[in-house]
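Asks: My questions all concern the structure below.
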Amino acid sequence: MTDTRRPFVAGNWKMNGLRADGLALATSVAAATPEQADQCDVAICPPATLLATVGERLAEIGGAVALGAQDCAVAVHGAHTGDISAEMLADTGCRYVIVGHSERRVDHGETSALVHDKAQAVLRAGLIPIVCLGETEAERDQGRALAIVGEQLSGSLPNDAGSALVVAYEPVWAIGTGRTPTEDEIAEVHRHIRNEMAGVSGIDPDAIRVLYGGSVKPANATAIAAIENVDGALVGGASLKAEDFGAICQSFAEAV
Ligand code: PGA
């Protein structure tokens, strides 16, 4: 493993949190994760309405928790009502931007081509894209999980990102369901992602972190963190409880 593959745990708050509880959660996450700071990178991705406030709170605390966004637009600025550019996210203090989450691919019809352009926009703004990939349950049942993930990877990953890119494997059927793939299934897909990245020009497949996401919780984090080619986790539901999120970060920090 190279240095650039320090464990990384990101909390995806999705569409949760008003100002008061978002600030309280960010403060407790910062308090729950200090010991992991030198072994594990930690980020939280609140909804867009809370980015500035939470970013300011994290800066005040001065801890190691980074700020991430859940999506961005492709354009830099202009007549795009309701959209937020990667440059605006950078201006708010973000370091990471999730792109291509399955909830956006499904709810907003986002294609891999669009996800690719969004990832490129994130790089253009000097931020790190977290590019999500994952098969549906039907696709897995048809034995097409690797093919689907491979197609999404080659369609979504930008060229020339070096190691300034994070990939998250999130089987759609494991998100928010409490179900997870077996350790062998996770290992198989992560190995496949690592191999397929060799076909994307200008990126360093051995240096890129590949996170697992989908029902990660304190009870399964240690086992998931031990799987080969798993370099961290993208955490939804459990990231809304500082104690659970802190425990997951701890599991990944210990897996080094
Ligand atoms: P979950 O969500 O941890 O609630 O399954 C993960 C995600 O969607 O990123």
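Asks: With +1 assigned to the C-beta of every Lys and Arg and -1 to the C-beta of every Asp and Glu, and no other charges, what is the dipole magnitude of segment 92-132 about the Cα centre in debye, to the nearest 20?
Replies: The calculation lands at about 160 debye.
Asks: For the chain, with the dipole built from +1 on Lys and Arg beta-carbon atoms and -1 on Asp and Glu ones, taken about the Cα centre, which of THR33, GLY155, ALA48 lies farthest toward the positive end?
Replies: Ranked along the dipole, the leading option is ALA48.
Asks: Let me ask something else about it. About the Cα centre of segment 23-110, what is the dipole size in debye to 20, counting +1 per Lys and Arg Cβ and -1 per Asp and Glu Cβ, all else neutral? Present the calculation step by step, with values, prior to reporting the outcome.
Replies: Working: 4 positive and 12 negative charges, 15 e Å.
For segment 23-110, the charge dipole is close to 80 debye.
Asks: I would also like to ask the following. Quick one: which of 243-253, 10-20, 134-144 comes out on top by average Cβ neighbours within 10 Å, and what's the full order, highest first?
Replies: Averaged packing, sorted descending, gives the order 243-253, 10-20, 134-144.
Asks: Explain nothing, just the number: relative contact order of segment 8-240, from Cα pairs under 8 Å at least 6 residues apart, as a whole percent. Could the numbers behind the result be given before it?
Replies: On the way: 464 pairs, mean separation 42.6, N = 233.
Normalised by residue count, the contact order of segment 8-240 is 18 percent.
Asks: Accessible area of segment 110-256 with a 1.4 Å probe: how many percent of it is carbon plus sulfur?
Replies: Values: 2610 of 5610 Å².
Its accessible area is 46 percent carbon and sulfur atoms.
Asks: Under a cut-off of 24 Å between alpha-carbon atoms, report the lysines in cross-link reach of LYS217, not counting same-chain residues fewer than 8 places apart.
Replies: Straight-line reach from LYS217, under 24 Å: LYS14, LYS241.
Asks: Roughly how many Å is it from the Cα centre of segment 205-235 to that of segment 90-132, as a whole number?
Replies: One Cα centre to the other: 20 Å.
Asks: Around CYS45, what is the net charge, scoring Lys/Arg as +1 and Asp/Glu as -1 over all other residues with Cβ under 11 Å from its Cβ?
Replies: On the way: positive: LYS14, ARG95; negative: ASP71.
It works out to a net charge of +1.
Asks: Further question on the same structure: Considering the chain as a Gaussian network with a 10 Å cut-off on Cα pairs, which listed residue, GLY214, GLY82, GLY155, attains the greatest mean-square fluctuation?
Replies: Among GLY214, GLY82, GLY155, the largest GNM mean-square fluctuation belongs to GLY82.
Asks: A follow-up question, please. Across segment 177-184, in residue order, what do the Karplus-derived ³J(HN,Hα) couplings come to in whole Hz, using 6.51 cos²θ - 1.76 cosθ + 1.60 with θ = phi - 60° and x for Gly and Pro?
Replies: Running phi through 6.51 cos²θ - 1.76 cosθ + 1.60 with θ = phi - 60° gives 9, x, 9, 10, x, 5, 4, 5 Hz.
Asks: Count charges around PRO218 for me, please; just the other residues with Cβ under 15 Å from its Cβ, Lys/Arg as +1, Asp/Glu as -1.
Replies: That works out to -1.
Asks: Build a GNM of the chain with springs between Cα atoms under 10 Å: which of ALA207, ALA198, ALA242 gets the top mean-square fluctuation?
Replies: The residue that fluctuates most here is ALA198.
Asks: Heavy-atom accessible area of HIS80 with all protein chains present, probe 1.4 Å, nearest 10 Å²?
Replies: 90 Å²
Asks: What do you reckon, how do LYS241, LYS217, LYS118 stack up by accessible area (1.4 Å probe), largest on top?
Replies: Most to least solvent-accessible, the answer reads LYS241, LYS217, LYS118.
Asks: Please give the per residue accessible area of the chain, computed with a probe of 1.4 Å over protein heavy atoms only, in Å².
Replies: Accessible area per residue: 43 Å².
The values are calculated or read from the model by the stated rules, or taken from the named source; none is laboratory data. Here the structure is a predicted model, which means the values were calculated and not measured. Cβ sites come from the backbone with ideal geometry, for glycine too, and all protein chains shown count toward neighbours. To get the accessible areas, we keep the full protein, side chains included, count just its heavy atoms, and leave off ligands, DNA and RNA. Shrake-Rupley method; radii C 1.70, N 1.55, O 1.52, S 1.80 Å.
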